[in-house]
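Here's the structure, in structure tokens; my notes come after.
Taken together, the values in this text are just the output of simple stated rules run on the coordinates, not laboratory data. Note that this is a predicted model, so its numbers are computed, not measured. Neighbour counts are summed over all protein chains in view; Cβ atoms, including those assigned to glycine, are modelled from backbone coordinates with ideal geometry.
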Amino acid sequence: MKKTLALILTAALVLSLAACGGSKKPQEIELTTENIGDYISFSGEFTDSEYHQTILYYVSTSTIDFQAYSTSAGTFSNVEITLRANIDNDGAIGEKWHLADAEDTGVEFTFKMPSSGDYSHSYSIECNRNTSKLKGSCDFTVVSVSGTYTPAD
């Protein structure tokens with residue numbers, strides 16, 4: 001009887017220790033405009049800046065070669081990010097730069113981040129007046145973010 005009780009208590013102890021020893025699954029992190037900089041970096045360079053003369057007016061054009069990349073190991077799920085390129089260069093009578101194929105003013109674009117955390121794209125922008133050529137790097141403001149990030153084990 002004592003041997004049977006000792007065997008049952010030993011089995012219970014082993015099972016309870018085995019249950020506590022399981023590996024922890026990494027927690028998903030909800031991405032926000034406040035924490036996105038902890039997981040993703042953004043960079044952009046102005047290229048191909050030039051003036052074009054049309055029949056009625058000048059148009060200034062440029063390209064933003066854009067990159068977003070993960071700064072830590074993990075995966076992204078359903079991540080959609082909207083950014084605004086910070087361009088404080090106006091045209092001759094105050095026209096703002098805008099995406100070449102959009103009617104809205106301002107250079108704002110939305111992209112889906114692949115699960116791997118690596119994205120690049122070139123965005124054509126224009127200003128409907130003759131303005132100085134854009135050159136160098138471009139910085140961005142995060143307008144909105146949705147989706148999650150799961151750190152690697």
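Debye calculation, C-alpha points only, no solvent: report log10 I(q)/I(0) for the range 28-151 at q = 0.17 Å⁻¹, in the same order as the q values.
Scattering profile of the range 28-151, log10 relative to I(0): -0.82.
Under a cut-off of 16 Å between alpha-carbon atoms, report the aspartates and glutamates in cross-link reach of LYS25, not counting same-chain residues fewer than 8 places apart.
Filter leaves ASP153.
Have a look at SER49, TYR119, SER70 and report the one farthest towards the positive end of the charge dipole of the range 28-151, computed about the Cα centre with Cβ charges (Lys/Arg +1, Asp/Glu -1).
Among SER49, TYR119, SER70, the one farthest towards the positive end of the dipole of the range 28-151 is SER49.
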